[in-house]
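Contents: one structure, followed by commentary.
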C-alpha cells in the first residue's frame, strides 16, 4: 500500500482537488464550480476523486486545504494542513519549476503576484478588495457579449486590431465596452481589448513597482485563456509559461505541504456521506455582534470561530447541545 | 450648577492622559466614550461623507456615542493633514443631527504650543492660570511618555510571555490607576511599581525571533480596532513588533529638520503628516535587520499614499518585504488574515534560508 495525499483548494468560483503520491505524481484530479456552497462542492469533488483512486494501491494519509474556504473545509476533512493560497501556490509552482522568478496568478475574485528568488518567496502582492481585472470580471463580460468563457481566448487571438478599453475599474471598463460595441467595433477586437485590459490592470494595480523577472509562470483559472496569455507576453516582452495543471496548482501545493508536514491522519472517502451543517450565531455580548460560525457533524459541534473575545467562546458551549 | 461632561474620541489608550489633563485644567467631569465596536464605525460611517478617511468616521462614531451617554462638551484636535478641517465638519454634522453641545476645536490653533492651548482653554475656564496649565501639561506629557515606553516593551515581548495575558492584565490595571493620577508624585509612584512588576513577568524569547516593524498613518496605527488588531495577531504568532510611531515620538520629541536629514536619500522635503516619519522608520527597520515591514493607512490618506512608492524603493534597496494595508469601514477579517498568513510564511521561509 502506497501513501497518498489529498489537496483541496476551495475558491470563491471553483473547487479543485488532487491526490498525489510521495513523488508528487498526480493520481487523481478534479475541477468543478463551487456554486456558493463549499461543503456541497467538496462532497461532489470527493465523489469524483473516489472513482479515480485505486484504493488497493493507495491510502490517503493526509489532507491539506487552501483557498478562501480553507478553514471550513479543513475542519470538515480533518486536514493536517490549512494554508493560505499564496503559500500553497508558491510551493506548488516552485516544486515543478524550481527556477521560476515570477508567478502571476489570476483567480475568480483575486489576483496576486509572487516573486521568487532561488526557490524562496521573497515578495508578494495581492489585489485590494476590488475584483477589477479578475476572472469574475471576464466571465461577466463574456456573458454580456454572448460568448462562452471557453471561447473567449481563441476569439481574442483572431483579432488584428484590439480595441482600447479602460482598465482601471470594472465599472468604467464595462461602460467603455458597451460604448465601443455600440460604436461598431468588432466582437473579436473588443474581446482582445478586454484581455489587454485585464493585463494592464494587473500590471498597474497588483504588481505595481515590483520587478518582474523571467521565467514567468502564469496560473489560476484565467491562465486557461490564451488571449490573456498573449497579452501578458506582449506586455512583459518575454515568454509566459502555463502549466497544463495551472488551475490545480494551489491544490497540488497544499497536498505537497500536507506530505511535508509529516503529520498523518486517517482519511476516508466516506466523509461525503456524513451530514455537515454550519450555523451562524450572532453573539450579543457587546455591540461588536461577532458572527460566530459553528460547524456540526451529524448534529455534533466540531468547531466554531468568529468570536473576538472570550465572551463569544462561552456562548458556543451553551449552544453545543441543541441545533 | 451641574458639572459639564467633556469627551474626546478614542485613540489607543490615550483617553487616560487626556482625562487627567482635562480634569486638571477644566472644572468638569471627563466622560470616556464607550469602547469602539463595529457599531461605532457603523454610525460614524452612516453620517460621514463616503470618501472621507476612516479616522473621521471613527471619531464621529465616538462623538455620537459619547453624546448619547451624556457628554455635553466635545474636543477635536488640529492636525497636519485634512484633520485640521475635521473639527468643523464634525461639529456641523452633529448639530445637523440635532445634538446640543459645546465644541472645543483646536483646528485653528497649534495644539503643540502651550500658549495656544492656554488661550483656547481660558475661554472655557476663566479661572485657568498659566501655572495650573503648565502643571497639567507636564503631568500629561510625562504620562504619555511613560505609557509609550511601556507599550513599546509590551509589543516586543507580549508574544513570548510564559503565561499568556499577564502583561496585558498588568497594563490594564496600571491604566486604571493612571486615570486617578492628579499629581506628579503619584504618577511617578505608579510607574515605578508597575515597571517593577512587568520586569518580573517571565519572557521566553528565542535567540533570533522574527521581527516586524509597524509603520503608517497616525490614527490607523495607533487605534488597534481600526487596524483589525494586527499587532495582536503578530504577537500571537511569536513575532517581535516594533512601532516607533506614538504621541511622544511624533509630537513631543520630534525634530523635523533632523528627519529631513535622515531621509535625504529618499526625499527632499516633508510630504506632510506622518509620511516622512514612515520613510525614516522604514529605513531604520531595514538597516537594523528586521524581517519585514507592515504599512497601514486609511483608504485615501494622501501623505501615506505618497510614501508608498518610496517604501517600494526601500524594499528593493534593502531586500526587505513590505506588506501594505488600506483600511476603510470594511470589517471582514478573512482577506486580512490571508495576507498576514502569507506574509508570515514568507518571512519565516526567508529567515530559514538565511541561516
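Read the figures in this text as sums done on the coordinates, not as results from a lab. In this text, all values refer to a predicted model and were calculated from it rather than measured experimentally. Cβ coordinates were reconstructed from backbone atoms using ideal geometry, including for glycine residues, and neighbour counts include every protein chain displayed.
For the reader, a short list of remarks on this structure follows.
- Alpha-carbon centroids, segment B:124-173 and segment B:1-76: separation in whole Å: 19
- With the simple model of a label 7 Å out from the Cα in the direction of the Cβ, residue A:171 to residue B:254 spans 3.4 nm.
- Helix B:83-96 and the longest principal axis of the Cα set of chain B meet at an angle near 50°.
- For the peptide A:86-96, the mean number of other protein chain Cβ atoms found within 10 angstrom of a residue's Cβ is 2.
- Simple label model, 7 Å out from Cα along Cβ direction - residue A:277 to residue A:160, nm: 6.4
- Our estimate of slack between residue B:169 and residue B:287, defined as 0.36 nm per intervening residue step minus the Cα-Cα distance, is 39.1 nm.
- Efficiency of FRET from Cβ geometry, residue A:150 and residue A:237, R₀ 25 Å, rounded to 0.05: 0.35
- Distance between segment B:258-311 and segment A:39-58 - C-alpha centres, whole angstrom: 51
- The residue A:23 and residue B:42 beta-carbon pair, evaluated with R₀ = 45 Å, returns a calculated FRET efficiency of approximately 0.25.
- The C-alpha atoms of chain A define a longest principal axis, and helix A:187-201 lies at about 60 degrees to it.
- Contact order relative to length of segment B:5-128, as percent, for alpha carbon pairs under 8 angstrom and 6 or more apart: 25
- Each Cα pair under 8 Å and six or more residues apart adds its sequence gap; the mean of these over the residue count of segment A:56-111 is a relative contact order of 25 percent.
- Only helices enter the 222 nm calculation for the protein assembly as shown: every DSSP H run of n ≥ 4 contributes -39,500 (n - 2.57), and dividing by all residues gives -14000 deg cm²/dmol, rounded to 500.
- Once the C-beta distance of residue B:305 and residue A:37 is scaled by a Förster radius of 41 Å, the resulting FRET efficiency is 0.55 to the nearest 0.05.
- Nearest 10 degrees, 0 to 90: helix A:38-52 Cα axis against chain A principal axis: 90
- Inter-probe distance in nm under a simple model that places probes 7 Å from Cα toward Cβ, at residue A:183 and residue A:313: 6.0
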